[in-house]
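Okay, structure first, notes after.
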Amino acid sequence: MKRLLSLGELRPAAVAELVALARRLEQRPQPRALAGKVLGLLFFNPSLRTLASFQAGMSRLGGSSFVISPGQGSWALETRPGVVMDGAAAEHVREAIPVLAGYADALGIRAFAGGQDLAADLADDAFRAMAAVCPVPLINLESAIDHPCQALGDWKTLDELGVPAAGGRFVLSWAWHPKALPLAVPAAVAHLAALRGMELTVLRPEGFELPPEVMERARLAAARAGGTVRETADRQEALAGAEVLYAKSWGSPRRYGDPAAEAELRAGLRDWCVDESWFAAADPACRFMHCLPVRRGVVVRDEVLDGPRSVVVRQAHNRMWAQMAVLHRLLAIRGAAATGGGGVGATGYAGDGAYDDYDGDNIGAPAGTGAGSITGTGGNPGTAGVTGEDRGLPAMAAMAAMEAMAALAALEETPEINARLAVPAAGEREGLA
Ligand code: CP
């Protein structure tokens, strides 16, 4: 695995294996797996869970991390391409990201939606532009339209709760909120339920339909996994027999970029605050999920959040284990070939012998053979190894190209799904190099 921008970039089996690794890391700590490795975390937006769980997870694996919050102790950063930088930003991400990548073995970036241009946010333009100049493994810490780490942690939580993947009844419900919130979590959660093959119902009032691109990605994933997707504004119908109610607010795509008009649309919807009555027709053991942070008495009543249905704290805890699995996959020191100058042809993961390569990125190819399209340039003895311990800055350009090719090869595995949302097509590969 070379990066995590969206769960859609991984095969469903690869997602399940990441969750399995998360469970193993929880049960059997590997406190030296990432010794000497550094994770850089770039937060354009606030965080409690993502920031703390990545730093804690990196420490638990023996590595370290640093955090940059642009404009708060470090320079404000410009993300837009081609602008004359005569505003607040002193530096552009086109320099800042490669600079930070030189200090770190992997980067994580959080950059929320701009909230003005729906098409640009659905395409994740700003995040993709930053990914394109990142020469080390990159993790999406929540972008305009995706939050794969949240989805991965929630996948683990659903497994632990015994909610069936195939056929489990999952309701993603809109909830009231005083502000128009981003689409990243609902898009990622709908995708998660669909990838698992669940019976997904998106419950929302009129005007708050998720964008067609989001629904289409979910439908395609569900079709592959044997699940179903429907949407309704009828609360009773949606929740009949539900095993999970996942609440989240999001802004109306119909009034995107117009907060005043959006506020009018939601003005009469304060009763979209989850209380116990919502569960009347649900499965008696129906769980309440939310990504947090959550506003009590606004999105959900205390009686639910403090009651036995709520698994929100468990969800937050599982973020750490799931992300540790991601970090492990991206950064764990690999077999002898990894430091032997044999290109990307490493074999196996130290301390993780049960796993072989699982996402088709050819890391299991014999060193120096150049086997497979991704490692085609990796067969020259002496080429800097992607996983080498002493990867120097000059090697980064070659590494970046290999990272991009590997990532694109992974994307090509799920072209129909990824083409819908923010995942570049194979023809755009130059843009990632
Ligand atoms: N769920 C989530 O991403 O939480 P934070 O915004 O606190 O990181």
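The values are calculated or read from the model by the stated rules, or taken from the named source; none is laboratory data. Worth saying up front: this structure is predicted, and the values here are computed from it rather than measured. Methodologically, a virtual Cβ is constructed for each residue, glycine included, from the backbone with ideal geometry; neighbour enumeration extends over all protein chains shown.
Evaluate the stretch 6-21: report whether one residue or more is surrounded by fewer than 22 Cβ atoms within 10 Å (Cβ to Cβ), within 16 Å of the ligand (Cβ to nearest atom) and modelled with pLDDT of 95 or more. No, every residue in the stretch 6-21 fails to be surrounded by fewer than 22 Cβ atoms within 10 Å (Cβ to Cβ), within 16 Å of the ligand (Cβ to nearest atom) and modelled with pLDDT of 95 or more. When MET130 is tested against the conditions (1) more than 17 Å from the chain's Cα centre (by Cα); (2) surrounded by 22 or more Cβ atoms within 10 Å (Cβ to Cβ); (3) assigned by TED's automatic domain parsing to the domain that holds GLU95; (4) not charged (D, E, K, R), the lone failure is (1). Can you find even one residue in the stretch 21-38 that is closer than 17 Å to LEU192 by Cβ, outside the structural domain of LYS156 (by TED's automatic domain parsing) and small (Gly, Ala, Ser)? Yes, some residue in the stretch 21-38 is closer than 17 Å to LEU192 by Cβ, outside the structural domain of LYS156 (by TED's automatic domain parsing) and small (Gly, Ala, Ser). Would you confirm whether or not the stretch 61-77 contains a residue that is within 27 Å of LEU158 (Cα to Cα), surrounded by 14 or more Cβ atoms within 10 Å (Cβ to Cβ) and not aromatic (Phe, Trp, Tyr)? There is at least one residue in the stretch 61-77 that is within 27 Å of LEU158 (Cα to Cα), surrounded by 14 or more Cβ atoms within 10 Å (Cβ to Cβ) and not aromatic (Phe, Trp, Tyr). Scanning the stretch 136-169 for residues that are in contact with a strand residue (DSSP E or B) (Cβ under 9 Å, 6 or more places away or on another chain), away from the ligand (no atom under 12 Å from the Cβ) and assigned to a loop (DSSP other than H, G, I, E, B) returns VAL136, PRO137, LEU161, VAL163, GLY167, GLY168. Counting the residues of the stretch 36-60 that are buried (at least 19 other Cβ atoms within 10 Å of the Cβ), away from the ligand (no atom under 16 Å from the Cβ) and not basic (Lys, Arg) gives 1. Taking ARG217, is it in a helix (DSSP H, G or I), outside the structural domain of ASP117 (by TED's automatic domain parsing) and either modelled with pLDDT under 95 or surrounded by fewer than 17 Cβ atoms within 10 Å (Cβ to Cβ) (or both)? Considered against the rule, which asks whether it is in a helix (DSSP H, G or I), outside the structural domain of ASP117 (by TED's automatic domain parsing) and either modelled with pLDDT under 95 or surrounded by fewer than 17 Cβ atoms within 10 Å (Cβ to Cβ) (or both), ARG217 comes out as no. Summed over the stretch 300-312, residues that are within 13 Å of the ligand (Cβ to nearest atom) and touching a residue at least 60 places away in the same chain (Cβ under 8 Å) total 0. Which condition number in (1) under 23 Å from ALA166 (Cβ atoms); (2) of a type outside the set (A, V, I, L, M, F, W, C); (3) touching a strand residue (DSSP E or B) at 6+ places or on another chain (Cβ under 7 Å) is the one that GLU209 fails? Evaluating GLU209 over (1) under 23 Å from ALA166 (Cβ atoms); (2) of a type outside the set (A, V, I, L, M, F, W, C); (3) touching a strand residue (DSSP E or B) at 6+ places or on another chain (Cβ under 7 Å) leaves (1) as the failure. The single condition from (1) over 23 Å from the mean Cα position of the chain (by Cα); (2) within 16 Å of the ligand (Cβ to nearest atom); (3) of a type in the set (A, V, I, L, M, F, W, C) that ALA240 fails is (2).
Restricting attention to the stretch 173-195 and to residues that are under 24 Å from LEU5 (Cβ atoms) and out of contact with any Asp or Glu (no Cβ under 9 Å at 6 or more places or on another chain), the residue that is surrounded by the most Cβ atoms within 10 Å (Cβ to Cβ) turns out to be ALA190. Quick one: how many residues across the stretch 199-214 are buried (at least 20 other Cβ atoms within 10 Å of the Cβ), within 11 Å of TRP174 (Cα to Cα) and acidic (Asp, Glu)? Final tally of qualifying residues: 0. Looking across LEU100, LEU138, one residue alone is surrounded by fewer than 23 Cβ atoms within 10 Å (Cβ to Cβ), out of contact with any Phe, Trp or Tyr (no Cβ under 8 Å at 6 or more places or on another chain) and under 27 Å from LYS37 (Cβ atoms). It is LEU100. Pairs linking a residue in the stretch 269-297 that is without any contact (Cβ under 8 Å) to a residue 40 or more places away in the chain and of a type in the set (D, E, K, R) to a residue that is surrounded by fewer than 18 Cβ atoms within 10 Å (Cβ to Cβ) and in a loop (DSSP other than H, G, I, E, B), with Cβ atoms under 8 Å and 6 or more positions apart or on different chains, are ASP275/ARG301; GLU276/ARG301; GLU276/GLY307. Residues in the stretch 223-262 that are free of Cβ contacts under 8 Å to residues at least 40 places away in the same chain and surrounded by 13 or more Cβ atoms within 10 Å (Cβ to Cβ): ALA223, THR228, VAL229, ARG230, GLU231, THR232, ALA233, ASP258, ALA261.
Condition test on LEU327, is it under 19 Å from the mean Cα position of the chain (by Cα) and away from the ligand (no atom under 15 Å from the Cβ)? Judged against the criteria, LEU327 is a match. Check the stretch 116-128 and report whether any residue there is in contact (Cβ under 8 Å) with a residue 40 or more places away in the chain, assigned to a loop (DSSP other than H, G, I, E, B) and closer than 18 Å to GLY73 by Cβ. Looking for residues that are in contact (Cβ under 8 Å) with a residue 40 or more places away in the chain, assigned to a loop (DSSP other than H, G, I, E, B) and closer than 18 Å to GLY73 by Cβ, one finds none in the stretch 116-128, hence no.
Filtering the stretch 204-222 to residues that are among the small types (Gly, Ala, Ser) and touching a residue at least 60 places away in the same chain (Cβ under 8 Å) leaves only ALA221.
Set side by side, the residues ALA35, ALA89 differ, and just one is free of Cβ contacts under 8 Å to residues at least 24 places away in the same chain and over 20 Å from the mean Cα position of the chain (by Cα), which is ALA89.
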